[in-house]
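Input: a single structure, listed below in structure tokens.
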Amino acid sequence: MPDPDTGAPPRVVLVAAAALAVALAVAVAVFALTRPSPADSAGPLPLVPVPAPFAGSPGCTTLLGAVPTELTSNGTALKVRALASPAPPATVAWGSGDPVVLRCGLDRPPELTPSAQLRLVNKVQWLQVPGEGASTWYVVDREVYAALTVPDSAGTGPLQAVSDTVAAKLPPRPLRFS
């Protein structure tokens with residue numbers, strides 16, 4: 001029965017409502033802490049195959065055997081991601097959502113011309129090809145062409161880490177324009 005002076009609900013109803021609110025908050029917190037992360041629940045990453053005629057080359061085997069299992073992007077650890085079957089050859093990906101993808105054994109990028117602007121990152125020459133929401137960076141001074149597609153939000157960590165691996169495992173070669 002309501003309090004005749006204030007019109008408030010009885011004390012028992014107020015206590016029950018408060019207890020229910022606390023129980024609901026605890027249930028939401030437990031659910032949020034125990035649900036799988038997006039990377040866990042995303043499953044294998046489907047990728048569109050691209051022509052990679054040199055994917056089976058010794059250079060790709062060496063490079064892909066040495067890439068890190070984790071990249072750092074803006075302070076966040078991106079773990080290697082399983083690829084959906086059929087997986088493109090000589091390809092590895094890290095992270096969920098907008099993953100970082102490395103493909104090896106590609107043809108020479110048509111954008112690589114004598115006047116193309118190249119960037120030197122940790123002793124590796126890269127050709128940047130901007131895209132919608134991501135850029136693809138091509139290794140252009142090694143025995144094989146490799147492409148690292150990096151979301152615009154990723155920062156420079158993935159490019160630096162892959163550059164270190166390329167520099168350590170594949171010797172530099174003169175640029176080839178044809």
From the option list Glu132, Glu143, single residue qualifying as out of contact with any Pro (no Cβ under 9 Å at 6 or more places or on another chain), open to solvent by 30 Å² or more (accessible area, probe 1.4 Å) and of a type in the set (D, E, K, R) is Glu132
(1) touching a Pro at 6+ places or on another chain (Cβ under 7 Å); (2) modelled with pLDDT of 95 or more all hold for Gly97 apart from (2)
Only one of (1) open to solvent by less than 20 Å² (accessible area, probe 1.4 Å); (2) modelled with pLDDT of 95 or more does not apply to Ser73, and that is (2)
In the set Thr149, Thr156, Thr113, the lone residue that is out of contact with any helix residue (DSSP H, G or I) (no Cβ under 6 Å at 6 or more places or on another chain), of a type in the set (S, T, N, Q), at pLDDT below 95 and open to solvent by 30 Å² or more (accessible area, probe 1.4 Å) is Thr156
Selection from segment 96-121 of residues in contact with a strand residue (DSSP E or B) (Cβ under 6 Å, 6 or more places away or on another chain) and of a type in the set (Val, Ile, Thr) yields Val100, Val101
Worksheet item: If you check Ala147 against the conditions, is it assigned to a strand (DSSP E or B) and among the small types (Gly, Ala, Ser)?
Response: yes
If we ask which residues in segment 148-178 are in contact with a strand residue (DSSP E or B) (Cβ under 6 Å, 6 or more places away or on another chain), of a type in the set (A, V, I, L, M, F, W, C) and in contact (Cβ under 8 Å) with a residue 60 or more places away in the chain, their number turns out to be 4
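The values are calculated or read from the model by the stated rules, or taken from the named source; none is laboratory data. None of the values given here were measured: they were computed from a predicted structure. Note: ideal-geometry Cβ built from the backbone for every residue, glycine included; neighbour counts use all protein chains shown. All accessible areas refer to the heavy atoms of the entire protein, side chains included, with ligands and DNA or RNA removed. Shrake-Rupley method; radii C 1.70, N 1.55, O 1.52, S 1.80 Å.
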